[in-house]
Ligand code: HAM
């Protein structure tokens, strides 16, 4: 008996919990209500527009990848600290994709023999990183990737930068808002060699450079010490490199100058980017005031396709997240206002009007109009309020009188004007 009572009470507790459970989304994950999804779609459309303009083709990869795809090829931080990694039921080590570049290189390597190069490719999808959620950083985010592979020439760098500038301009941003910071990892490597540093310290030097801007001079020295690199040598390299540039950088800037786009660019020796696969030009784009984190980042990767089983093939491209850009556009008032898709709401005053309402809705939809229906159950006011909330321009009201006369009451919700007209006349009024 006691056992039964215990069982019943535990069932009850369980039922109570089930009834009152308030489960939030995971930390760093977002819910996309229609107004939020609208912003993502807006970005996606702008992205597709500029990609099409430059002849880039859309592709997509899997959301889950074998963990080894990233191990040793991506960045230490992403692989060991940020990737969502788990074992699947078969015991295989899996990662939720934290980025797309290794997937892209793997896909290219698999079809290299049958593809035409240069390959210009873009993608827009969700990515996951176990980062500390903060402004502009989440654990799930959208990222636009745009890459060109199989073109070693400096023109590939120029084209990628042009795409970025065109995209940002199309959103209403200017060179006064945005800076593209550019560097050449190869050039930095050469400088470090000239200063007597050995190649196996380079990754530590890049780590230092990546963090340098965020530290004051004392902290810099401490950080260099923790990485076991000589602080003074690197600072000397920075001073020496600040007013010099690689030939490739000079060429990029001069070609952009010919199109009056060079004022978007700022050389910066401290931009090295965290990924081990970058081998040449690297860049980061941010707001000039640096109020936000980087909007996007990218660079040239010379060996990744080969490392993933292909023939030598160089690529260059970038990834841009949705979060920082949307925050920035919001602040600048550059996001369009949300509007639900239908601008006509057909209101059936009562159940007797339902059949005629359905017929009219269908007739309207066949002419291409987006139409909502509403069952008012005798309360027209509620129907009109609903139409207003959904930002409809017209409410079409159907009651007993309209059904008998086979007519429609069309109310223009902007002017308040109302007419009793035939369905054909209603279409003319609405489409005017
Ligand atoms: P990344 O710098 O790691 O580069 O990321 C590029 C952009 O993705 C960032 O600038 C940011 O806008 C966005 N992003 C990254 N992590 C997060 C996060 N946790 N929350 C919100 N946004 C985020 C790459 O991923 C390279 N694979 C890009 C690339 C493509 N390089 C060559 N081709």
Subject >> Mean separation of Cα contacts under 8 Å, 6 or more apart, over the residue count of the stretch 370-420: relative contact order % >> reply: 25 percent
Original post:
Where is the GNM fluctuation largest for the chain (alpha-carbon springs, 10 angstrom cutoff): 157, 219, 284?
Top reply: 219
Original post:
Per the Cauchy relation, a quarter of the hull surface: what is the mean projected area of the convex hull of the alpha carbons in the stretch 139-248, in nm²?
Top reply: 10.0 nm²
**OP:** Identify the residues of the stretch 118-154 with backbone N under 20 Å of a label point that sits 7 angstrom from the Cα of residue 93 along the Cα-to-Cβ direction, or state none.
**Re:** 128-131
**OP:** Using only alpha carbon pairs under 8 Å that are at least six residues apart, calculate the relative contact order of the chain and give it in whole percent.
**Re:** 14 percent
Original post:
In the Gaussian network model of the chain, springs joining C-alpha atoms below 10 Å, which of 139, 220, 126 carries the largest mean-square fluctuation?
Top reply: 220
Subject >> Within the stretch 340-369, backbone nitrogen closer than 19 Å to the virtual label 7 Å beyond the Cα of residue 375 toward Cβ >> reply: 345-362
Original post:
What share of the DSSP beta bridges in the stretch 298-432 is antiparallel, in percent to the nearest 5?
Top reply: 55 percent
Subject >> On Cα atoms only, tilt of 231-242 relative to the major axis of the chain in degrees >> reply: 70 degrees
**OP:** Take the alpha carbon atoms of the chain, find their radius of gyration, then divide it by 2.2 N^0.38 Å using N residues; give the quotient.
**Re:** 1.31
Subject >> Max mean-square fluctuation residue, GNM over the chain, Cα-Cα springs under 10 Å, options 253, 178, 23 >> reply: 23
**OP:** Just the number, please: percent antiparallel of the DSSP beta bridges in the stretch 11-165, rounded to the nearest 5.
**Re:** 90 percent
Original post:
With axes computed from alpha carbons, what is the tilt in degrees of helix 101-111 against the longest principal axis of the chain, rounded to the nearest 10 within 0 to 90?
Top reply: 90 degrees
Subject >> Difference of contour (0.36 nm per residue) and Cα-Cα distance, residue 41 to residue 226 >> reply: 62.2 nm
**OP:** Nearest 5 is fine: what % of DSSP beta bridges in the chain come out antiparallel, could you say?
**Re:** 75 percent
Subject >> Global geometry of the stretch 61-201, whether rounded, prolate or oblate, following the gyration tensor of its Cα atoms and the 1.5 cut on a/c >> reply: rounded
Subject >> Average projected area [Cα convex hull, the stretch 223-376], square nanometres >> reply: 18.9 nm²
**OP:** For the stretch 327-432, count all C-alpha to C-alpha pairs, find those more than 16 Å apart, and express that count as a whole percent of the total.
**Re:** 56 percent
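Here, each number is a calculation from the coordinates, and none is a lab measurement. Just so we're clear, the structure is a prediction, and the values are computed from it rather than from any experiment. Every residue, glycine as well, gets a Cβ built from its backbone with ideal geometry; the counts of neighbours run over all protein chains shown.
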